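The values are calculated or read from the model by the stated rules, or taken from the named source; none is laboratory data. These figures come from a predicted structure and were not determined experimentally. Cβ: placed from backbone, ideal geometry, glycine included. Neighbour counts: every protein chain shown.
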Amino acid sequence: MYRCEKCQGTMLLDREVDMESGMSLLVFWCINCGLRKQAERAPIPLIEVS
C-alpha cells in the first residue's frame with residue numbers, strides 16, 4: 001500500500017479515461033486529500049486501430 005506524499009493518507013489505484021482522445025491512464029489517488037499521482041509512464045489507447 002502506498003502513502004500520500006502530502007498528508008500520509010492511503011493511496012488507491014484508479015483508472016482515468018479521456019473519452020475525447022480515447023486514452024486511459026492508471027493513477028494513484030489519496031482518499032484523504034485527493035492528490036493524484038501518475039502510476040503509468042504514458043496513457044494507453046482504449047481501442048486498438050488496425
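Answer yes if at least one residue in segment 29-39 is in contact with a strand residue (DSSP E or B) (Cβ under 7 Å, 6 or more places away or on another chain) and either modelled with pLDDT under 90 or among the aromatic types (Phe, Trp, Tyr) (or both), and no otherwise.
Scanning segment 29-39 turns up at least one residue that is in contact with a strand residue (DSSP E or B) (Cβ under 7 Å, 6 or more places away or on another chain) and either modelled with pLDDT under 90 or among the aromatic types (Phe, Trp, Tyr) (or both).
Identify the residue in segment 1-38 that is of a type in the set (A, V, I, L, M) and touching a residue at least 24 places away in the same chain (Cβ under 8 Å) and, among all such residues, is surrounded by the most Cβ atoms within 10 Å (Cβ to Cβ).
Met11
Taking segment 1-41 only, how many residues are part of a strand (DSSP E or B), out of contact with any Cys (no Cβ under 7 Å at 6 or more places or on another chain) and not hydroxyl-bearing (Ser, Thr, Tyr)?
Summing the residues that are part of a strand (DSSP E or B), out of contact with any Cys (no Cβ under 7 Å at 6 or more places or on another chain) and not hydroxyl-bearing (Ser, Thr, Tyr) in segment 1-41 gives 17.
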